[in-house]
1. With Rg and the Kirkwood Rh both taken from Cα atoms, where does Rg over Rh land for segment 52-143?
2. Roughly how far apart, in whole Å, are the Cα centres of segment 55-131 and segment 1-44?
3. Using a 1.4 angstrom probe on heavy atoms only, work out the carbon and sulfur share of the accessible area of segment 14-67 in %.
4. Tell me, what HN-Hα J-couplings in whole Hz come from the Karplus equation 6.51 cos²θ - 1.76 cosθ + 1.60 at θ = phi - 60° for each residue of segment 22-35, using x for Gly and Pro?
5. Could you compute the FRET efficiency for Ser39 and Val170, with r as their C-beta to C-beta distance and R0 at 51 Å, rounded to 0.05?
6. I need the calculated FRET efficiency for the pair Arg239 and Glu205, taking r as the beta carbon distance and R₀ as 45 Å, to the nearest 0.05.
7. With label points built 7 Å along Cα→Cβ from the Cα atoms of Lys149 and Leu125, find their separation and express it in nm.
8. Which of the lysines could a cross-linker bridge to Lys149, judged by Cα under 25 Å and excluding same-chain residues fewer than eight apart?
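The values are calculated or read from the model by the stated rules, or taken from the named source; none is laboratory data. A quick note: this is a predicted structure, and the numbers were derived from the prediction, not measured. Virtual Cβ from ideal backbone geometry, glycine too; neighbours counted across all protein chains shown. Note: areas computed on protein heavy atoms with side chains; ligands, DNA, RNA excluded. Shrake-Rupley method; radii C 1.70, N 1.55, O 1.52, S 1.80 Å.
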Amino acid sequence: MHNILIVVDQSLFYSLTKLPSQGVPFEGTLVDDWKFDYSSHDACRMVCHDQADMIGRLLARSFTFDCCIMHYIIVCILLPRSSNLAQASEEDLILLWAIQIGRQIDWAHLIWYRMHTTLRANAPLSYPHLATLFLHHFNVLLDDEPYVKVKRSFSIGAGVVTSFGYRKDVDGQWVSKQDLPPPIPDERTPSPPPQRDASSSLLTEVLTELHDLRAFVDERFDAMDTRITRLEDDIRFIRRCFDPPADS
């Protein structure tokens, strides 16, 4: 921004963000301390629901309700990315597994590491709120810079949960829409009228249009006949007025 190079080391990062430094310094791959406890297959079974297809790509819709929300928080807030939000990477799976079993993660180190490794020419700023904090600290003017206003749609609300394929049941609990019972028909509600056959309905409409067209044409012809008859009568009258009288 404005061709100003800013280098933020870990100590300055911690002092600016007030993020605590504790836990394992996770950097996107399996930590040595976890290698004897972690299994990709077991992690999938831990975070996925019973009907999930765990062969091939791991998709977010295969997760349980709680893990589905946690994965959304990871890819949108903790480790934001702009694409493939519905697909879980190996990094996402490791983080979900660590959170599920209560492993401590140094989130300050992870965020700092992610910001440091994603630097490239003309790349969008990750963690825009933190980046703005740093720019203000270094007195970088931002008056002429474009910005994205925070919208209500960015919040994690009911609309986000329904996009995961979940709906509320009669007890107010979020369940998969496949698990919802079919609606009970109301006996007091009258049944809809029987649907007419499409071809029969079309034929009836065509015949009605033809009948109306014929009636319209007949009316036009009757009006023309009347006008022609009056014209002939007028011509006869004119001729009688101008024709010489016959010799007596």
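1. Expressed as Rg/Rh, it is 1.05.
2. Their Cα centres are 11 Å away from one another.
3. 49 percent
4. Values per residue, Gly and Pro as x: 8, x, 7, x, 6, 10, x, 10, 5, 6, 4, 5, 9, 5 Hz.
5. Step by step, r from the Cβ atoms, then E = 0.85.
6. The formula returns an efficiency of 0.30 here.
7. Each label point lies 7 Å from its Cα, and together they span 1.9 nm.
8. Lys18
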